[in-house]
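Following: one structure in structure tokens, then a few remarks.
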Amino acid sequence: SMLARYDLVISLYEKTLRKTDRVAHHSIAMILAFWSYHDNLLQYYSIFFFGVSEVSSVFLTFVEFFKEFPRLRNPAINPYLTQVNEISRIMFAALFISIRVVYWPYISMQFWGDSLDALSRGRGYSFQLIFTMMANIGLTLLQFHWGSMIVRQIHRKLFSASGASEGGESIAIDIEGNATTGDETTTTPGKSAEDYKYGTMSSDEPRSSALGGSLLKSAV
């Protein structure tokens, strides 16, 4: 609950993170986390929704870190860190899709069955259960939305000739899995794409608008 509140405050404070889906996500997560802790509500399912589903976030942190410090992923400087960056991207996408897009609906169906049974038996916490069920629909659709963005970016990276010619940076996924088109920088005459990709331009030239959120990753 504390982490969810922190995520919400940061998302409201930081302009680059102030997106409707993210703010709604953090707000709902904060409420559900509070009920789980304060009322011991649905703690069995909390293991998945607050824990297992966050495994992909470990690799997302590395993805965001390298977006903030592009020089570190320059193969000419450190080929090892370049591989760490690429592996982190692949692992994040694979885990997000497998856990949040494929396995999430299966757990949600179990949750719905148990919740409907609890409501029919009149076991209490009716409002919390109904709210959580409605929230589960919204959060599930959100996982599908983010997952589809990741799939589109993977397709672009693998099959887009332009993406390959620009250094293969077509997959850049920010906090909560929002896929973007990578390091969006407008080059100036006399500078190559590599100069901007690895942050080698001078301080008076335009820089990539990389998202500053590597350490602000939220819990679902």
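Listed values, structure above:
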read-out: Rounded to whole Hz, the Karplus (6.51, -1.76, 1.60) HN-Hα couplings of region 73-87, x for glycine and proline; value: 9, 6, x, 6, 8, 8, x, 5, 5, 4, 5, 4, 4, 5, 5
read-out: Kirkwood-Stokes translational diffusion coefficient of region 72-151, alpha-carbon pairs, 37 °C, 0.692 mPa s, µm²/s; value: 216
read-out: Pair Asp39, Arg123: separation of 7 Å Cα→Cβ label points (nm); value: 1.3
read-out: Förster-model FRET efficiency, 35 Å R0, Leu141 and Phe69, C-beta, rounded to 0.05; value: 0.55
read-out: Sparse-neighbourhood loop sites, trypsin sites (Lys or Arg not before Pro) in region 75-165 - DSSP loop, at most 16 other Cβ within 10 angstrom; value: Arg121, Arg123
read-out: Long-range HN-HN contacts of Leu41 with modeled amide H, under 5 Å; value: Ser36
read-out: Computed log₁₀ I(q)/I(0) - Debye formula, equal Cα scatterers, no solvent, region 20-84, q 0.12, 0.18, 0.22, 0.25 Å⁻¹; value: -0.51, -0.76, -0.91, -1.04
read-out: Relative pair counts by distance (%), Cα atoms of region 18-133, 10 Å bins; value: 12, 31, 28, 16, 9, 3, 0
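Where a number appears in this text, it was derived from the coordinates with a stated rule and is not lab data. In this text the structure is predicted, and so the values were computed from the model without any measurement. Note that each Cβ is placed from the backbone with ideal geometry, even for glycine, and that neighbours are counted across all protein chains shown.
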